[in-house]
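Here the structure is laid out as structure tokens; the discussion comes afterwards.
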Amino acid sequence: MLNNSKWISYKEMQNDRCPVFKKDLCLKGEVKHAILSVSALGCYYATIDGVKVGDFVLAPGYTSSKRSQVQTYDVTDMLKNNSVLEISLSQGWYKGRINWRSNQDNKDVYPSIIAELSVTYKDGTSEAIVTDEGWQVALSKISLADIYDGEIYDANYEESFGPVRVNDYDHSRLVKQQGEKILEQETVLPHKIFTTPKGEVVIDFNQNLTGYPCFKVNAKRGEVVSLSFAEVLDKEGNFYTENYRTAKCNFIYTCKDGENEYKPRHTFYGFRYVKVNSLPEGATPDCVKAIVVHSDIKRTGYLESSSPLLNKLFKNIIWGQKGNFLDVPTDCPQRDERMGWTGDAQVFVKTASYNYDVEKFFEKWLTDLRLDQGKDGYVPSVVPQVWGDDWSGCGWGDASTICPWQIYLTYGNKNILKAQFKSMCGYLNYISKHSTKRYLWTGCDHFADWLGLDAPYGSYKGSSDQDFLASAYYLYSTGLVIKAGRVIGKSVEKYERLYNNILARIRRTYKKYKTQTECVIALHFGIAENKEAVAKQLADMIVENGKRLKTGFLGTPYLLHALSQNGYTDLAYDLLLQENYPSWLYSVKQGATTIWEHWDGINDQGDFWSKDMNSFNHYAYGSVADWVYGVACGINTVEEKPGFEEVVIAPKPSDKLSYLSAKIETRKGAVSSAWFKEGDSFRYEITTPTKATIIIGDKTYYVDKGSYVF
Ligand code: BGC
């Protein structure tokens with residue numbers, strides 16, 4: 001791709017100030033058709049005669065450092081004979097502060113762009129204008145641009161152009177745009193503007209979101225628009241940014257004389273509140289708006305209930321997904337992480353795939369996973385691997401098996417299994433090589449039940465036995481490899497033997513479970529031999545804890561499932577509807593507009609959890625929605641007929657709500673399931689786009705597509 005174009009960069013290794021590349025186009029005639037193709041090592045922002053090319057935000061996107069996506073834009077209507085093409089470049093995801101690995105491994109690689117403008121003239125001739133020595137470069141008006149640190153722009157800075165540096169970097173890293181485009185999705189207006197007790201002027205957008213501000217003001221040269229960002233206010237009502245850790249999240253714009261309109265081009269922020277540090281004289285804070293940015297995924301799932309608090313939780317889950325689906329599924333969008341944490345992604349993938357159409361999104365991300373997977377099969381903790389050593393932790397590495405399998409179930413996509421199968425097997429291989437005991441996964445370090453509330457003092461890890469959890473995930477992933485292998489016609493006897501051996505050894509080794517999460521995993525992964533006893537143990541622990549959970553990242557996603565699969569649906573509802581700490585609705589009652597990283601991000605007294613690890617936009621615990629879709633409303637895919645080619649609908653209502661409804665717009669059409677409490681019984685309204693098995697209480701109905709009331 002772009003075979004005749006050269007990688008070009010600024011003459012020196014780029015520091016904070018972004019270079020801008022320029023080409024005077026001098027076109028030879030009337031243009032019939034013109035396509036601009038661009039990619040970069042870093043993030044680029046292309047303009048023709050000052051107008052942005054295309055709508056892609058933060059192109060070329062967030063990929064494995066081993067590849068760069070190429071975007072193509074039809075620019076026919078933008079061109080004049082003497083048009084000027086300019087492309088500014090920041091270090092972006094490839095070389096910015098976020099990419100610790102690339103900064104080690106690619107120290108000597110210059111942030112660069114590569115492009116081709118291919119023009120067909122009306123007289124039938126054509127030409128290709130490619131990046132090469134004929135381009136010019138200057139340091140631009142952007143004196144700082146970084147994913148974590150924000151953007152600083154001086155409209156008065158004079159650019160002085162000179163020759164580019166040509167680099168002989170490989171073209172083989174260039175690939176077609178694979179993921180969804182990252183786009184501006186909506187604009188949010190200030191909800192409230194107020195002065196804090198400290199005397200700071202703050203805009204409340206009423207929604208924790210991911211994106212950037214924009215403004216339009218009249219100003220005198222040298223006047224400054226300076227904004228800061230925060231997710232929450234502290235208990236005194238002051239602006240609080242400590243949980244952003246080292247992410248500086250600057251936004252400073254120095255105005256020219258006259259009208260100034262701007263939005264950052266090379267960064268994004270996670271925020272609900274914007275502090276106005278300065279504005280030009282006469283401008284008012286309401287000139288600032290917030291633009292929401294995320295991958296262009298289509299909304300497909302809807303949940304609604306009779307409980308306003310629960311509805312707010314459903315909304316927060318959606319906003320959590322919007323805020324963290326920016327080319328890769330990130331842990332959070334605000335502090336100095338914003339990485340594709342594999343554990344978080346696997347925990348949430350099912351909910352994600354019901355809420356939105358994420359097939360293409362995950363195909364792209366799993367390609368990155370494959371590319372960054374180690375030779376020995378380890379799956380990095382974050383994909384793209386911008387950080388971390390060469391090892392896998394249980395529940396995190398398992399994103400390599402759980403995500404493809406879920407995408408297969410939701411969309412019926414066999415290709416994703418074909419593409420990922422080797423990676424899935426590679427991961428199992430890694431485990432077997434690194435475990436100290438055969439057929440278990442022992443002796444390694446893990447994130448384990450991350451943020452479990454039974455963590456020993458000072459630790460992030462819940463107190464569940466990490467060798468047990470790791471061995472259980474080893475079993476579970478082996479099971480998924482078997483299922484995936486069968487679907488795509490691979491021989492899986494070896495894995496069937498492995499599965500039986502792991503199961504037998506786990507059962508021999510771990511006979512007792514001591515935490516909520518251990519019970520949940522033992523039940524959900526089919527390890528517990530005496531299910532009834534383990535389910536009772538789990539239920540008792542929850543009841544003794546005031547009908548409250550203690551689970552972290554690994555126990556929480558399966559907690560309600562483990563209960564409802566074993567006769568404790570009522571208790572599962574108690575947990576879902578619990579309003580006291582720790583619970584889903586606790587954060588809602590505290591005013592959350594997204595899902596928190598910690599059950600106690602803000603405690604009852606209004607104090608924060610440690611600033612070291614306290615994101616207010618972490619989608620992982622939003623995975624509870626998959627229980628609402630799949631159990632409470634009962635909409636399920638069928639393994640043998642994936643992609644909703646057939647569906648099983650088995651709602652489990654509760655008299656704790658007067659109604660609950662779920663709808664998923666599948667590839668086969670909309671499937672929906674709602675129930676309404678009517679006196680002592682329930683009325684069910686079910687629509688299926690395909691053949692369905694409907695299970696209501698102890699009755700089973702086999703129906704064709706249509707709408708049914710029971
Ligand atoms: C991230 C998590 C991640 C975890 C690993 C955190 O810093 O934000 O969501 O999964 O580290 O344990």
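A few points about this structure:
- Number of the condition not met by Gln565 [criteria: (1) without any contact (Cβ under 8 Å) to a residue 40 or more places away in the chain; (2) more than 16 Å from the ligand (Cβ to nearest atom); (3) under 19 Å from Val347 (Cβ atoms)]: (1)
- The residues listed here are Gly622, Gly630; of these, the one that is within 16 Å of the ligand (Cβ to nearest atom), part of a helix (DSSP H, G or I) and at pLDDT 95 or above is Gly622.
- Those helices (runs of 4 or more DSSP H) of region 478-569 in which 2 or more residues are within 21 Å of Gln406 (Cα to Cα) occupy 493-509, 516-524, 556-564.
- Residue count, region 681-706 (criterion: over 23 Å from Leu657 (Cα atoms) and outside any loop (DSSP other than H, G, I, E, B)): 9
- Candidate set from region 601-619 (those that are at pLDDT 95 or above and of a type in the set (Phe, Trp, Tyr)); member that is farthest from the ligand (Cβ to nearest atom): Phe616
- For region 570-598, filtering for residues that are among the aromatic types (Phe, Trp, Tyr), part of a helix (DSSP H, G or I) and farther than 29 Å from Glu532 by Cβ leaves 1.
- Filtered residues of region 373-398 (kept if within 12 Å of the ligand (Cβ to nearest atom) and touching a Lys or Arg at 6+ places or on another chain (Cβ under 8 Å)): Trp387, Gly388
- Residue in region 351-370 that is among the hydroxyl-bearing types (Ser, Thr, Tyr), more than 16 Å from the ligand (Cβ to nearest atom) and over 20 Å from the mean Cα position of the chain (by Cα) present: no
- Test result for Gln420, crowded, with 23+ Cβ neighbours inside 10 Å, at pLDDT 95 or above and away from the ligand (no atom under 16 Å from the Cβ): yes
- Test: residue in region 335-348 that is among the acidic types (Asp, Glu), more than 22 Å from Leu475 (Cα to Cα) and within 16 Å of the ligand (Cβ to nearest atom): yes
- Residues of region 199-214 that turn out to be touching a Lys or Arg at 6+ places or on another chain (Cβ under 6 Å) and not polar (S, T, N, Q), as a count: 6
- Residue match in region 614-622 (condition: of a type in the set (A, V, I, L, M, F, W, C) and farther than 30 Å from Tyr457 by Cα): no
- Note on region 114-231: enclosed strands (runs of 3 or more DSSP E) holding 3 or more residues that are crowded, with 20+ Cβ neighbours inside 10 Å and in the same structural domain as Glu261 (by TED's automatic domain parsing) are 201-219, 224-230.
- With respect to being within 23 Å of the chain's Cα centre (by Cα), surrounded by 18 or more Cβ atoms within 10 Å (Cβ to Cβ) and within 27 Å of Gln406 (Cα to Cα), Asn636 falls outside the description.
Results for (1) farther than 23 Å from Gly634 by Cβ; (2) of a type in the set (Val, Ile, Thr); (3) surrounded by fewer than 19 Cβ atoms within 10 Å (Cβ to Cβ), shown as yes or no for each residue.
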| residue | (1), (2), (3) |
| --- | --- |
| Thr509 | yes, yes, yes |
| Tyr513 | yes, no, no |
| Leu538 | no, no, no |
| Val543 | yes, yes, yes |
| Phe553 | yes, no, no |
| Tyr558 | no, no, no |
| Asp570 | no, no, yes |
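- For region 328-348, the condition of being in contact with a Pro (Cβ under 6 Å, 6 or more places away or on another chain), without any contact (Cβ under 8 Å) to a residue 60 or more places away in the chain and either crowded, with 24+ Cβ neighbours inside 10 Å or within 22 Å of Val188 (Cα to Cα) (or both) holds for at least one residue.
- Checking region 311-328 against the condition returns a match, with at least one residue being touching a Gly at 6+ places or on another chain (Cβ under 7 Å), assigned by TED's automatic domain parsing to the domain that holds Leu369, in a strand (DSSP E or B) and within 16 Å of the ligand (Cβ to nearest atom).
- Selection over region 452-475 of residues that are surrounded by fewer than 24 Cβ atoms within 10 Å (Cβ to Cβ) and either part of a loop (DSSP other than H, G, I, E, B) or within 16 Å of the ligand (Cβ to nearest atom) (or both) gives a count of 12.
- Meets criteria (surrounded by 24 or more Cβ atoms within 10 Å (Cβ to Cβ), small (Gly, Ala, Ser), touching a residue at least 12 places away in the same chain (Cβ under 8 Å) and within 16 Å of the ligand (Cβ to nearest atom)) for Gly301: no
- Identity of the residue in region 577-596, in contact (Cβ under 8 Å) with a residue 40 or more places away in the chain and surrounded by fewer than 24 Cβ atoms within 10 Å (Cβ to Cβ), that ends up nearest to the ligand (Cβ to nearest atom): Pro582
- Among residues of region 128-156, those that are of a type in the set (A, V, I, L, M, F, W, C) and in contact with a Pro (Cβ under 8 Å, 6 or more places away or on another chain), counted: 4
- Lys433 vs. criteria more than 24 Å from Tyr510 (Cα to Cα), among the basic types (Lys, Arg), surrounded by fewer than 17 Cβ atoms within 10 Å (Cβ to Cβ) and away from the ligand (no atom under 16 Å from the Cβ): no
- Restricting the first member to region 506-522 and to residues that are under 17 Å from Thr478 (Cβ atoms), and the second to residues that are in a helix (DSSP H, G or I), the beta-carbon pairs closer than 6 Å and six or more apart or on different chains are Ile506/Ser471; Tyr510/Phe468; Ile521/Ala472; Ala522/Val534.
- Among strands (runs of 3 or more DSSP E) entirely within region 1-89, having at least 2 residues that are more than 27 Å from the chain's Cα centre (by Cα) singles out 7-9, 19-24, 31-41, 43-48.
- Asn617 part of a loop (DSSP other than H, G, I, E, B), under 26 Å from Arg299 (Cα atoms) and either in the same structural domain as Glu359 (by TED's automatic domain parsing) or not basic (Lys, Arg) (or both): yes
- The residues of region 398-417 that are small (Gly, Ala, Ser) and either more than 19 Å from the chain's Cα centre (by Cα) or surrounded by fewer than 19 Cβ atoms within 10 Å (Cβ to Cβ) (or both) amount to a single one, Gly412.
The values are calculated or read from the model by the stated rules, or taken from the named source; none is laboratory data. Just so we're clear, the structure is a prediction, and the values are computed from it rather than from any experiment. Neighbour counts are summed over all protein chains in view; Cβ atoms, including those assigned to glycine, are modelled from backbone coordinates with ideal geometry.
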